[in-house]
Structures are given as structure tokens and as C-alpha cells.
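Let me begin by presenting the structure, written as C-alpha cells, before commenting on it.
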Amino acid sequence: MNRFTRNNLLLIIVIAFSCVAATGLLVFSLIKYVSMTKCIAEVQAKKEEVRKLSNENPSPTAANKEPLQKNTVLYNAAADKLAVYFRHPMQKLAEEFISKLKETNPPKEDGKVQVLTVERFKREFEEMWSKGQSYVNKKFDYQGFREQRFSNWNQVVKEILPKAKLLTMEPINEENLPEVLFAHIGIPRVLEENPDNMAKFIKDYQNVLVNLMTGVKFDVTAVSFGFGNEISGTSIFTVFNNPRDHFPNVIRVWNIYGDVIKRMVECSKKVVYVEKGRNVIKPWSSELVSQLTGSKTPFSEIDDKIDLFGGLCLRGAMDPKNTNPDALRNAVAGEEDGPFKVFRMRISVSGTLAGIRTFVRSLDAAYKVNQIYVIRSIALYAEQDGAFEIFRRHAEQSGIKTNLTGAGQEVAPQKEQQSVQRRGRGRGRGRVANMESAANEETSRVDAAKLEEIRRQEEEAIKNLPYYDRPGYGDVLIGDSKNCRAVIDFDVFQLK
């Protein structure tokens, strides 16, 4: 063996190098094969992508590139316009408040005075607020913040206060206006972290809404607005482990209640006036009345009252018998949906169908003032049986007596007994009666023929009219101006 190795050493070395080279080539070929397979797959994917893009309408070719860019700009502009509606209800007024403040010593950057923006105001306010260890210290720091940092704080408060009162039903004054506004730019409102202040807030808000509903029928339990049957509203604190954490959400919910009740009351009244020769009916509002009065346009007010018969409440806390505190906690906290908090509510009202429709339209149009209400369902219940009224009138005209008093009851029609004149005993009296009867029948036939001819002519004239000018077109046979009850489920979307 050793002699074979010595004699064939060169051959062995050549064979060894050949094996190593062959192994290397095999590995290299395998790597290249895997890489080539991957490239082929990517090429096929790109071909499929190109095929799909080519089938799109419009296809992303060079000719369509410019129109696509223009459409993108238009869509972005439309999205920006739509985003204006998805803001906090008083956010615009809060921004106006901050923009009017004048700083005593405004900071400078590169020799230029920095403009007081909402972001900087919020950041500096939170820095100031976080320094105090107790609420007493925080309140003292806040007093120095507004008096030392700004020279016209009180003047701006007095200027903004009348505008703020138009946007909320909450009792506000010069003292609590700033914290009301700041809550709409993301600074939590905690009412001095005092449960007694929250109880007073709820009580005062309830009184305002009850006074607003003067003349509106409602139950005592209805004005608790889903926070329990106690009018004081203090029952809410028995279900929260840490009420202070829920103060901002409770305030949000009550502001929603105030806006909904205000809309309900306003929809109970309507204004009628003439515009361009046509009668216009719009929901009553002080702004509309002032506008018509200023333009000297004659108008009249009509009452189409809506009553709050079942209350306004959070759907998750509707049942006052529900002793599970989680239901109320979750309902007050709302549900998170992207950048929004969603509060699910229900209101039960009674009134005319027209009035209820106006109320629903008011909720739909509330987005214009940054109140987003999404109607989920409406259940209508008639307080009067319109079908029965139609049947009753028909029965009276036909001379039918019935014991029917409402829907679902059996009808017991009885032909009204016709009074039959007794025949007289004398022949003369009988002949006179027969002659009178024959004369009356002949007159009736002539009159009936004339009436039939008139009716036929009227029918021919009606047929020649457009369908929308024909008598009875669009008339509501059942439910028109009849009182009914409506249970409306709706969701409220607000930014977090």
C-alpha cells in the first residue's frame, strides 16, 4: 500500500483536487440554481402584477400618470374638508380663545417672537399642571399661569363666553369657561378631582335640561338620563372604583345629552314663511327667527311638540334593575374605534310623525357643528289605529253598526233596520203614497244620471293631468299627523 502510494502520489493528488473541485462546482451550481429559481418566480410575479395593472381602469401608464396625480390631489382636498367635521364640538372656539391671548413675555427664536399655537399652549399648560403635588398647589400654579403669562386673559374670557353658551347646554360662566374649552383640545377636565363637584355638575345639568323641556311631558325616571333613578345623580359614584378617572367621560356624556335634548325641543317648533312664492317650513331656531325678523320677512310659528316619554340613556345601562356595575362603567367609558370614542345611546320620544322626522333629520345634520350622530335603528309605534279610523268612517257612511273599538278585535256588523212605513188603511192614502214614491224615484234617476255625467267628466279631466297633480297623490292614509312613539338607537362619535 505504501509502495502504491509512493508510486502514484501524483495521481492521488490530482484525484483529490478533482474531488474538491467537483464538490465546489456542485455547491456553486446548486446556489445558482436556487438563485435562478427565485429570479424566475419574481419575474413571473412581476409579469402577473403588470398584467393586473394593465387590466385596471385607468391603467397606470405614462398617459394616465398626470390625471392620477390630479385625482390624488382632489381626493386629499376632499378628505381635508371632511376632516373639519370630525373635531371636538368646541375645538374651533378653544383655538380662537388661545389665538386671542397676548403673552406678557413671549419666547423668541432666532430673534423672532414665537406665535402661541394650540400645541405649545397645551404643552406648557401640562408642564405647569404636572408640577403641583396636590390640587391646591395645582390651582395656585394655574392662577399664576393665567395672570402672569397673559395680559388679557379676563378680557378674552368675557369675549368668548357668549359664543360658548350657544354651543353647549352646560351652565358655564367666566370661572369655568377655560376648563370647558380646554377639554376640547385634549386637556382632561377633572372638576378639582372632587366627587361633590361632579354631583353638583350632574344636578345643575339636570335642572337646565328640565327647565329647557318646559311644556314637554316626561317621567321622573326619564330625566335621570341613564345614570340611575335618583334625580341627584349621585348614584353614579357607587359603581366607579376611582370616579376621578371617569370624570371626563361623564362630562362628555352629559354634553351629548344636552345637545340631543336641545335638538328635540327645537324640533318641537317650526317656522313657516314664504320664499320665492313657495311655503318653506324649517325647524325653529333663534338664529332663523332673528334672520327673518331682520329681513322683515313675514313668518309664523307652529307647535309640533315632541315629548320625552321614555328617556334618553346609554344603551349599555338602560335597565335600572341591572345591578352589574360593569355595564354602566363600560357605557360611560365608551368604545374605542380608531381615533374615536363611540357612545351608544337610545332615546324614546312621542309626537307627530312629522315632528319625529324633523328630529331625526336634525341629528343627521348635526355633523355640521362637529356632532356626529349615526342613526342605527328606529322603531315606530302608533298611538292611534289609523286603519280602524278609516274603517269606522266607512262603517258610519254605510250605515253599519260595529262593536269594533281597536285593532285586532272582532267585527260584529249589523245592518241598520230600515224604518218601514205602515201602509194606510184607506185605498186613497195608499194610492197617494205610491204616486209620491214613483215621483221621487223618477227624480232620483234623473239626478243620478246628471251626477254620473259630471263624475265621468271629472274623471276624464283628472286623467289628462300629470300624475303628481292628481288628487290624492302623496297623501298618507295612515299615520299622517297622528301621534306615534319612536325608539331611536344612535351612536355618537367623538375624537378621543
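The values are calculated or read from the model by the stated rules, or taken from the named source; none is laboratory data. Bear in mind that the values here come from a model prediction, so they are computed numbers and not experimental data. All Cβ positions, even for glycine, are placed from backbone atoms using ideal geometry, and neighbour counts span all protein chains on display. These accessible areas exclude ligands, DNA and RNA; they are computed on the full protein's heavy atoms, side chains included. Shrake-Rupley method; radii C 1.70, N 1.55, O 1.52, S 1.80 Å.
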So for region 1-132, using the alpha carbon gyration tensor with a ≥ b ≥ c as root eigenvalues (a/c under 1.5 gives rounded; past that, a/b versus b/c decides prolate or oblate), I'd call it oblate
Rounded to one decimal in nm, the spacing of the 7 Å Cα→Cβ label points at Arg146 and Ala63 is 6.6
The extension gain from Glu452 to Leu25, computed as 0.36 nm times the residue separation minus the Cα-Cα distance, is 142.7 nm
Full extension between Lys38 and Lys200 adds, at 0.36 nm per residue less the Cα distance, a length in nm of 51.2 nm
For Lys52, counting only lysines whose alpha-carbon sits under 24 Å away and dropping same-chain residues fewer than eight positions off, the answer is Lys38, Lys65, Lys70
When every protein chain stays in place and a 1.4 Å probe is rolled, Leu328, Leu380, Leu363 sorted by accessible area with the largest first are Leu380, Leu328, Leu363
Cβ-Cβ cut-off under 13 Å around Pro107, Lys and Arg +1, Asp and Glu -1: the net charge is +1
Going through Lys139/Lys165; Lys81/Lys496; Lys138/Lys262; Lys102/Lys496 one by one, the pairs whose alpha carbons sit over 31 Å apart turn out to be Lys138/Lys262
Using alpha-carbon positions, the gyration tensor of region 325-368 gives root eigenvalues a ≥ b ≥ c; with a/c under 1.5 called rounded, otherwise prolate if a/b exceeds b/c, else oblate, the class is oblate
Output ordering of 169-180, 105-116 (per-residue mean of other Cβ within 10 Å, highest first) is 169-180, 105-116
Rounded to one decimal in nm, the spacing of the 7 Å Cα→Cβ label points at Asn2 and Leu212 is 11.3
Plugging the Cβ-Cβ distance of Leu465 and Leu380 into 1/(1 + (r/R0)^6) at R0 = 25 Å yields, to the nearest 0.05, a FRET efficiency of 0.15
Quick calc, Asp245 & Val487: beta-carbon distance into FRET formula, R0 25 Å, rounding 0.05, result 0.20
Toy charge model, Lys and Arg Cβ at +1, Asp and Glu Cβ at -1: region 172-213 dipole around Cα centroid in debye, rounded to 20, equals 200
For Lys32, the lysines lying under 28 Å Cα to Cα, once residues fewer than eight places off in the same chain are dropped, come out as Lys46, Lys47
To the nearest 0.05, the calculated FRET efficiency linking Asn176 and Leu288 through their beta-carbon distance, R0 being 30 Å, is 0.50
A chain fully extended from Ile12 to Ala78 at 0.36 nm per residue, minus the present Cα-Cα distance, gains in nm 15.7 nm
The summed charge of the Asp489 Cβ neighbourhood (under 11 Å; Lys/Arg +1, Asp/Glu -1) stands at +3
Quick calc, region 149-197, dipole around Cα centre from Cβ unit charges on Lys, Arg (+) and Asp, Glu (-), nearest 20 debye, gives 320
Placing +1 on each Lys and Arg Cβ and -1 on each Asp and Glu Cβ in region 1-145, then taking the dipole about the Cα centre, the residue among Val118, Gly144, Asn55 whose Cα reaches farthest towards the positive end is Asn55
Given 95-102, 156-163, 66-73, the highest-first ranking by average Cβ count within 10 Å works out to 95-102, 156-163, 66-73
